[in-house]
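A short write-up of the structure that comes next.
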Amino acid sequence: MSDVFFPKIDAWRIPQSALEKSWAEMALDGQRGDEGIALWLGSHDSGQAIVQAVVALRGPGIIKRPGLIRIESALFNEVADAALDRGMILVGHVHSHGGTFVDLSPTDRAYGVGVPHYLSVVAPHRALQQPQIADCGVHVFEPRGYFRRLPPQEVRERILVERNDDVPIVIVGGGP
């Protein structure tokens with residue numbers, strides 16, 4: 001894999017407001033008993049991925065169920081367009097599971113975004129309890145082609161939750 005296209009990421013900077021908006025977005029689905037998801041757009045700078053916007057997915061291109069999230073390729077194309085329009089890239093996402101299971105499911109591993117240094121976070125309890133990042137499963141897609149769950153110490157060192165400017169929420173797709 002080329003470091004030009006997929007630079008090594010030593011840390012992810014996530015504004016607290018991005019987490020709060022992500023929890024709120026997923027809780028809408030969690031209240032119905034479904035898994036939820038929020039995508040993170042941002043940039044890379046000096047070995048860091050910086051989250052600068054939260055994407056909420058709408059319309060017929062997203063299916064959310066108690067044990068399933070499916071995003072159609074056309075909706076991902078719309079996400080790519082929204083990112084390009086803002087001069088950003090997709091740096092990660094957070095999705096919710098029911099209960100305390102915060103590892104990636106076999107489906108998450110097989111069909112998740114397989115891009116080197118992509119961050120995939122799993123929130124417990126369908127994100128209804130506004131968890132801290134330490135309560136979540138934090139996974140990175142390694143350049144060798146697999147997701148690796150970060151141990152707690154590595155989460156503390158590499159996931160930097162910051163109190164700074166409010167990030168926008170970007171609605172992608174049609175419908176409510």
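The values are calculated or read from the model by the stated rules, or taken from the named source; none is laboratory data. What you see is a predicted model, and the numbers here were worked out from it, not measured in a lab. When we count neighbours, we look across all protein chains shown, and the Cβ atoms used for this are built from the backbone with ideal geometry, even at glycine.
Which residue out of GLY174, GLY114 is surrounded by fewer than 18 Cβ atoms within 10 Å (Cβ to Cβ) and touching a Gly at 6+ places or on another chain (Cβ under 6 Å)?
The match here is GLY174.
Of the numbered conditions (1) outside any helix (DSSP H, G or I); (2) touching a helix residue (DSSP H, G or I) at 6+ places or on another chain (Cβ under 9 Å); (3) surrounded by 11 or more Cβ atoms within 10 Å (Cβ to Cβ), ASP165 satisfies every one except a single condition; which is it?
Every condition holds for ASP165 apart from (3).
Determine the pairs where a residue that is under 20 Å from LEU104 (Cα atoms) and surrounded by fewer than 12 Cβ atoms within 10 Å (Cβ to Cβ), located within the stretch 51-72, has a partner that is acidic (Asp, Glu) and modelled with pLDDT of 95 or more with Cβ atoms under 8 Å apart, the partner being 6 or more residues away or on another chain.
Listed by first residue and then by second, the contacts come to GLY67/GLU35; LEU68/GLU35.
Out of (1) closer than 17 Å to ILE14 by Cβ; (2) free of Cβ contacts under 8 Å to residues at least 60 places away in the same chain; (3) surrounded by fewer than 14 Cβ atoms within 10 Å (Cβ to Cβ); (4) touching a strand residue (DSSP E or B) at 6+ places or on another chain (Cβ under 6 Å), what's the single condition that is false for ARG156?
Only one criterion in (1) closer than 17 Å to ILE14 by Cβ; (2) free of Cβ contacts under 8 Å to residues at least 60 places away in the same chain; (3) surrounded by fewer than 14 Cβ atoms within 10 Å (Cβ to Cβ); (4) touching a strand residue (DSSP E or B) at 6+ places or on another chain (Cβ under 6 Å) is unmet by ARG156, namely (4).
Can you tell me which residues in the stretch 99-112 are touching a strand residue (DSSP E or B) at 6+ places or on another chain (Cβ under 7 Å) and part of a loop (DSSP other than H, G, I, E, B)?
VAL102, ASP103, LEU104, GLY112
So, in the stretch 78-102, exactly how many residues are within 18 Å of ARG65 (Cα to Cα) and surrounded by fewer than 18 Cβ atoms within 10 Å (Cβ to Cβ)?
So the answer is 4.
Restricting to the stretch 123-156, name every residue that is farther than 25 Å from GLY30 by Cα and assigned to a strand (DSSP E or B).
PHE141, GLU142, TYR146, ARG148
Looking at PRO143, PRO131, which is the one that is in contact (Cβ under 8 Å) with a residue 12 or more places away in the chain and either surrounded by fewer than 18 Cβ atoms within 10 Å (Cβ to Cβ) or at positive phi (or both)?
PRO143
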